[in-house]
1. Hey, does the stretch 59-76 have a residue that's at pLDDT 95 or above and over 27 Å from Thr189 (Cβ atoms)?
2. Taking the options Ser175, Ser183, Ser192, Ser221, name whichever one is in contact with a Ser or Thr (Cβ under 6 Å, 6 or more places away or on another chain) and either surrounded by 10 or more Cβ atoms within 10 Å (Cβ to Cβ) or modelled with pLDDT under 95 (or both).
3. Suppose we filter the stretch 38-82 for residues that are farther than 23 Å from Leu176 by Cβ and assigned to a helix (DSSP H, G or I); how many remain?
4. Determine whether the stretch 125-143 contains at least one residue that is within 17 Å of Lys82 (Cβ to Cβ), surrounded by fewer than 12 Cβ atoms within 10 Å (Cβ to Cβ) and of a type in the set (D, E, K, R).
5. All but one of (1) at negative phi; (2) in a loop (DSSP other than H, G, I, E, B); (3) out of contact with any Lys or Arg (no Cβ under 8 Å at 6 or more places or on another chain); (4) at pLDDT below 95 hold for Asn134; state the number of the condition that does not hold.
6. Could you list, in sequence order, all residues of the stretch 195-211 that are surrounded by 10 or more Cβ atoms within 10 Å (Cβ to Cβ) and modelled with pLDDT under 70?
7. Within the stretch 115-124, restricting attention to residues that are more than 23 Å from Ala80 (Cβ to Cβ) and assigned to a strand (DSSP E or B), which residue is modelled with the highest pLDDT?
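The values are calculated or read from the model by the stated rules, or taken from the named source; none is laboratory data. What you see is a predicted model; the values in this text were computed from it and never measured. We place every Cβ from the backbone using ideal geometry, glycine too, and count neighbours over all the protein chains shown.
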Amino acid sequence: MWIFRQKGGWHQEVLKYAGKQGQVTHLHKQAEAFPSEIPRGNASVRLTNMAVKDQGSYFCSVSIAGLHGQLGIDVAVVEAPKVTISPQTPTLTLKEGEEQKLACDVSRYFPLEAHVQWLREPMEGRMLPEVVRNVIFSNHRQSSDETYSFSSYFLLKASLRDDGVRYTCRVEHESLQFPIRKSITIRVTEKSGPGLWLLIIFAVVMTLLGYFLKYLHQVRSMDKRKPY
């Protein structure tokens with residue numbers, strides 16, 4: 001017989017084998033036994049589609065001719081995080097001075113411990129990435145399937161030095177062989193302030209004034225050439 005036990009004492013029978021009848025009773029829909037192997041001493045069980053709720057201790061209990069033995073194994077389940085960033089676009093164009101929230105959502109992972117960093121990576125590949133400061137983290141949220149989720153975000157005020165810079169959300173978790181990286185590239189356009197418009201208006205006014213003065217000069221020259 002296989003028994004599943006969680007912390008706190010809750011337990012459930014996974015499957016039973018009646019030797020005399022040679023009958024296997026499955027009490028857990030994810031458990032699969034190998035009936036032909038049991039008479040040979042192999043009472044292994046295979047568990048499929050494991051979820052977080054299935055982690056705990058599994059005990060194989062055997063009783064033969066008044067003798068009893070039991071052996072257990074601890075099973076831990078890990079779920080890899082799903083990572084998305086917003087805005088969900090490879091390239092984001094901003095005007096100089098414009099503010100934009102960059103967010104990284106880390107969801108449906110287990111166990112709780114996960115490490116998240118925002119990196120600022122300049123266009124020049126030789127320069128080392130900078131860790132973004134003043135990043136805000138939300139509280140952890142636990143779903144009905146016992147997995148966790150949270151968000152990491154910061155407010156970017158676009159400047160010309162950000163043009164071409166790539167911002168990357170880097171996530172580490174024990175379920176991952178390598179960190180997950182999600183990136184967005186920022187393009188920044190120069191702000192056309194009132195000074196530029198004033199310069200254009202001044203140039204137009206000076207041009208018109210030049211034409212007007214030239215016209216007055218021509219009129220006066222014509223008046224001087226008239227006989228009295």
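1. no
2. The conditions single out Ser183.
3. 3
4. Among the residues of the stretch 125-143, at least one is within 17 Å of Lys82 (Cβ to Cβ), surrounded by fewer than 12 Cβ atoms within 10 Å (Cβ to Cβ) and of a type in the set (D, E, K, R), which makes the answer yes.
5. Just one mismatch for Asn134, condition (1).
6. Leu196, Trp197
7. Arg120
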